[in-house]
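Data block below; observations after.
The values are calculated or read from the model by the stated rules, or taken from the named source; none is laboratory data. All values reported here derive from a predicted model rather than from experimental measurement. All Cβ positions, glycine included, derive from the backbone under ideal geometry; neighbour counts span all protein chains shown. Ligands, DNA and RNA are stripped out before the accessible areas are found, and what is left, the full protein with its side chains, is counted by its heavy atoms. Shrake-Rupley method; radii C 1.70, N 1.55, O 1.52, S 1.80 Å.
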Amino acid sequence: VVLAMTAIGKDPTNVAGFDLTKPLANFDQTCFQGINGPMFALIALDSGAYELPTADEGITQATKDMYIELLLEKQLENGGWSLMGGEAEIDVTAMALQALAKYQDRKDVAEAVEKGLAVLSERQNDQGGYQYNAAESVSSESVSQVIVALAELGIALDDSRFVKNGNTL
């Protein structure tokens, strides 16, 4: 909802007196489901350069650095990310890159981003898209997530890493 409010030019820190960014201050609650939470927290907070509010007493106060560290910790050996571990997932890897894009001035983040980009590049098929499953379904969602990641990272769609047989995303 923070993203939607920002997109329409409204202030998500005061919606009928409620600060929609406030729940993002609760590190444990934001991260309980896995890496989706910190990814969306960073993306939402950075969509309007919002600061994290102060968490209520007894709650683990989140920081952007805590969210970044968790994402870096969850990066797979091959450089991608996955919701459940195992093989890197294109959508999840692209979302992680979107979340980390604003923090590339950190060496550890820049290295993680490069590894993630390598996974996305090597998994791209000859038509410029991504296979979703063993049935070889092409996923427009994966292509869309990668396009958004590249845009966030300031990488052109015709970057040589993402052109396969003359085909781009």
May I ask for the angle, rounded to the nearest 10°, between helix 36-47 and the longest principal axis of the chain, with both axes built from Cα atoms and the value confined to 0 to 90°?
80 degrees
For segment 76-165, the convex hull over Cα atoms projects on average to an area in nm² of 5.7 nm²
Helix 64-73 sits at what angle to the longest principal axis of the chain, using alpha carbons and giving 0 to 90 degrees rounded to 10?
40 degrees
Starting from 0.36 nm per residue, how many nanometres of slack lie between S144 and E87 once their C-alpha separation is accounted for?
18.5 nm
Value of D in µm² per second that Stokes-Einstein yields for segment 1-90, Kirkwood Rh from Cα pairs, at 20 °C (1.002 mPa s):
154 µm²/s
With every protein chain present, what is the per residue accessible area of segment 1-147 (1.4 Å probe, Å²)?
52 Å²
Relative contact order of segment 1-89, defined on C-alpha pairs under 8 angstrom at six or more residues apart (%):
24 percent
Could you pull out the pairs from K22/K107; K115/K164; K22/K115; K102/K164 whose alpha carbons sit more than 25 Å apart here?
K22/K107; K22/K115; K102/K164
With Cα coordinates, the longest principal axis of the chain makes an angle with the long axis of helix 90-100, in degrees rounded to 10, of 50 degrees
Could you work out [θ]222 nm for the chain from helices alone, using -39500 (n - 2.57) per DSSP H run of at least four and dividing by all its residues? Round to the nearest 500 deg cm²/dmol.
-13500 deg cm²/dmol
What list of whole percents do you get for P(r) of the chain, with Cα-Cα distances grouped in 5 Å bins up to the one holding the largest distance?
1, 9, 17, 20, 18, 15, 10, 6, 3, 1, 0, 0
How would you order 143-152, 68-77, 38-47 from highest to lowest mean count of nearby Cβ atoms within 10 Å?
38-47, 143-152, 68-77
What's the extension gain from K22 to E69 if we count 0.36 nm per residue and subtract their Cα-Cα distance?
14.9 nm
Theoretical FRET efficiency, 1/(1+(r/R0)^6), r = Cβ-Cβ of Q131 and I8, R0 41 Å, to 0.05:
0.70
Whole-percent carbon and sulfur share, accessible surface of segment 87-169, 1.4 Å
47 percent
